[in-house]
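The values are calculated or read from the model by the stated rules, or taken from the named source; none is laboratory data. Please read all numbers here as calculations on a predicted model, not as lab measurements. So basically every Cβ, Gly included, is an ideal-geometry build from the backbone, and we count neighbours across all protein chains shown.
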């Protein structure tokens, strides 16, 4: 069943490989726990009480609330899949309460420091940093961009996000112009960056580190910074969610809560 669910997440839902790996790991851990704590456990015999006991066990291990919620979500998603496929099972996670999450402030980097890092970066580091900082893209979304997805005239990029959902993002015209000048370094068609996530993250870290000491120098911090700047400059929650590709508006609310609203403007300019 888990293997069928994995194929569904990959081929139908279009989830990223990182997300799929997390789901599979969480489900395998749950199966291991169920087999050792309930005799003859099957997907159809597990109950709400079993889920309560599992959550108690995870809490006893001192796991973070976010980790427990993610593991519970994986089990619940599998049950929903089985129900859609016609299996006669009840979802024991249906009425389960999630762990309350502590209020967190997204990590950000001052825009001036990002601009300084961009100014001194060279080659692919400069191009990656420029696109991430001026669009708020996820790292994999950037790596999936193809040359034909870029409209240099309107400074827009067609992006394929989670669940294979497409959206259009606007970036800095000078950032794209700088990339276009150096495009001979890359292939004329196909993806604009031929790097793994791990390699790309390290390149971004190297570009930011000399100028952003004391801050988290990673792609997602750039995404948080971009979103926070949108909120500071007056963008509403629905607009931020659309730009960032959030499935739920509530995900974008943290940036509104963090920001001091100023006059309307958009995004980050590095030039």
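Things worth noting here:
- Residue in region 149-161 that is assigned to a loop (DSSP other than H, G, I, E, B) and under 21 Å from the mean Cα position of the chain (by Cα) present: yes
- Restricting region 132-147 to residues that are assigned to a helix (DSSP H, G or I) and over 16 Å from the mean Cα position of the chain (by Cα), the residue that is surrounded by the fewest Cβ atoms within 10 Å (Cβ to Cβ) is 147.
- Enumeration of residues in region 148-168 that are surrounded by fewer than 17 Cβ atoms within 10 Å (Cβ to Cβ) and over 30 Å from residue 8 (Cβ atoms): 151, 152, 153, 154, 156
- Residue list for region 64-91, restricted to those being surrounded by 12 or more Cβ atoms within 10 Å (Cβ to Cβ), part of a loop (DSSP other than H, G, I, E, B) and either at pLDDT below 85 or on the phi > 0 side of the Ramachandran plot (or both): 64
- Residue within region 12-30 that is surrounded by 12 or more Cβ atoms within 10 Å (Cβ to Cβ) and more than 30 Å from residue 143 (Cα to Cα) present: yes
- For region 175-187, the candidate set comprises residues that are surrounded by fewer than 15 Cβ atoms within 10 Å (Cβ to Cβ) and farther than 28 Å from residue 11 by Cα; within that set, the residue that is modelled with the highest pLDDT is 177.
- Annotation for region 119-136: no member residue is under 24 Å from residue 18 (Cα atoms) and modelled with pLDDT under 90.
- Candidates 100, 112, filtered to the one that is at pLDDT below 90 and either more than 20 Å from the chain's Cα centre (by Cα) or surrounded by 12 or more Cβ atoms within 10 Å (Cβ to Cβ) (or both): 100
- Consider region 32-52 and keep the residues that are part of a helix (DSSP H, G or I) and surrounded by fewer than 15 Cβ atoms within 10 Å (Cβ to Cβ). The one that is modelled with the highest pLDDT is 32.
- Hey, residue 95 exposed (fewer than 14 other Cβ atoms within 10 Å of the Cβ) and either modelled with pLDDT under 90 or within 20 Å of the chain's Cα centre (by Cα) (or both) or not: yes
- So residue 55, is it closer than 28 Å to residue 12 by Cβ and assigned to a helix (DSSP H, G or I): no
- Inter-residue pairs, beta-carbon under 9 Å, first outside any helix (DSSP H, G or I) and in region 14-26, second surrounded by 16 or more Cβ atoms within 10 Å (Cβ to Cβ), 6+ apart: 14/160; 14/162; 15/9; 15/23; 15/162; 16/138; 16/140; 16/162
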